Amino acid sequence: MQIAGERLKRTRLIQTDEYVIAVEVEMVIPQDDPSEPCYEAETVKFLKEVKERAERKEISWLQKHGKVYAAVGAAWESPTNIDLAGRSTPA
């Protein structure tokens with residue numbers, strides 16, 4: 001069932017540990033409540049499917065439905081605390 005209202009195309013990012021997938025989806029501004037755009041049920045199912053396929057590493061399917069980016073490890077620094085004298089100490 002489609003929701004009556006204005007339709008907008010938006011890019012959504014779905015993130016897993018290894019990938020970020022950018023997909024274009026349709027949002028609807030409902031006539032009954034135009035305060036905020038929403039997704040239709042089919043769009044929600046599609047976004048869940050994208051996430052599940054990304055977790056299963058189905059790259060060829062993902063590339064047909066959006067742009068696939070590989071996540072790279074970020075430089076990690078151990079958190080530190082600053083004591084009252086301004087010295088850095090391990091957390």
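The values are calculated or read from the model by the stated rules, or taken from the named source; none is laboratory data. Only a predicted model underlies this, so the values are computations on that prediction, with no experimental measurement involved. When we count neighbours, we look across all protein chains shown, and the Cβ atoms used for this are built from the backbone with ideal geometry, even at glycine.
Structure above, values below:
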item	result
Residues within the range 1-51 that are surrounded by 14 or more Cβ atoms within 10 Å (Cβ to Cβ), free of Cβ contacts under 8 Å to residues at least 40 places away in the same chain and among the aliphatic types (A, V, I, L, M), tallied	7
Residue match in the range 8-24 (condition: hydroxyl-bearing (Ser, Thr, Tyr), at pLDDT below 95 and in contact with a helix residue (DSSP H, G or I) (Cβ under 6 Å, 6 or more places away or on another chain))	yes
Filter result (within 20 Å of Arg7 (Cβ to Cβ) and polar (S, T, N, Q)) within the range 23-65	Gln31, Ser35, Thr43
Test result for Ile3, within 17 Å of the chain's Cα centre (by Cα) and not acidic (Asp, Glu)	no
